[in-house]
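Following: one structure in structure tokens, then a few remarks.
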Amino acid sequence: MQGDARSGEIEVLSPLDDADPATTAPTGVILFLRRLGPSDGWFVLSAVSEGVTIGVPELGDEVPAGDLTVEGTGRGFEGTVVVRALVPADPPDVLDFEITATDWSTPVPYSATLDLSDASPGDVVTIIAVGDTGIEATGEFAAVPVLVD
């Protein structure tokens, strides 16, 4: 999809100072976007970073409503990565989350089991893994959508 007028990538920036939100720093996270739907609006398809990855499930996988094992690599403040499953809405409907042990400086493998039993067939559920920074700035994260069958 990269390279056509209907897709793109954008780097996520984080404010360095709450008093001056225009002063930003890169987070290392890239969002992949695509123009979709009747309004031809921009939608985020997934997010990737070097510090936190999601290897399983993959983008667009069909998964059952029940336990879902999420695997990847990550690093985060105090050695934690938070893995969430949510149905996009305003506000998002969080189905489940798990905090998993990792490392502070080097991405290491993690595994988390999320309960998607409250999801309905046809729901698109976003899996998000976040390595916190320990401060208010945005940490590294990854996100993939899956389809509940």
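The values are calculated or read from the model by the stated rules, or taken from the named source; none is laboratory data. Model, not experiment: these values are computed from the prediction. Note: ideal-geometry Cβ built from the backbone for every residue, glycine included; neighbour counts use all protein chains shown.
Tabulated values for the structure
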quantity: Positions within region 3-33 being over 14 Å from PHE43 (Cα atoms) and within 22 Å of the chain's Cα centre (by Cα), in sequence order; calculated: GLU11, VAL12, LEU13, SER14, PRO15, LEU16, THR24, ALA25, PRO26, THR27, GLY28, VAL29
quantity: Any hit, region 36-48, residues being surrounded by 13 or more Cβ atoms within 10 Å (Cβ to Cβ), in contact with a helix residue (DSSP H, G or I) (Cβ under 8 Å, 6 or more places away or on another chain) and farther than 24 Å from PRO121 by Cα; calculated: no
quantity: Answer residue from region 49-60, given it is buried (at least 17 other Cβ atoms within 10 Å of the Cβ) and out of contact with any Pro (no Cβ under 8 Å at 6 or more places or on another chain) and is modelled with the lowest pLDDT among those; calculated: SER49
quantity: Residues (assigned to a loop (DSSP other than H, G, I, E, B) and exposed (fewer than 13 other Cβ atoms within 10 Å of the Cβ)) located in region 61-80; calculated: PRO64, GLY66
quantity: Scan of region 81-112 for residues that are buried (at least 17 other Cβ atoms within 10 Å of the Cβ) and outside any strand (DSSP E or B), ordered by number; calculated: THR102, PRO107
quantity: Qualifying residue in region 11-33 (condition: modelled with pLDDT of 90 or more and either over 15 Å from ILE128 (Cα atoms) or small (Gly, Ala, Ser) (or both)); calculated: yes
quantity: Set THR113, THR53: member being over 26 Å from ARG6 (Cα atoms) and among the polar types (S, T, N, Q); calculated: THR113
quantity: Total residues in region 24-60, condition part of a strand (DSSP E or B) and either of a type outside the set (A, V, I, L, M, F, W, C) or farther than 17 Å from GLY8 by Cβ (or both); calculated: 12
quantity: Of the criteria (1) within 19 Å of the chain's Cα centre (by Cα); (2) over 16 Å from PHE141 (Cβ atoms); (3) modelled with pLDDT under 85, which one GLY41 fails; calculated: (1)
quantity: Region 3-23, residues that are of a type in the set (S, T, N, Q), over 25 Å from VAL83 (Cα atoms) and part of a strand (DSSP E or B); calculated: SER7
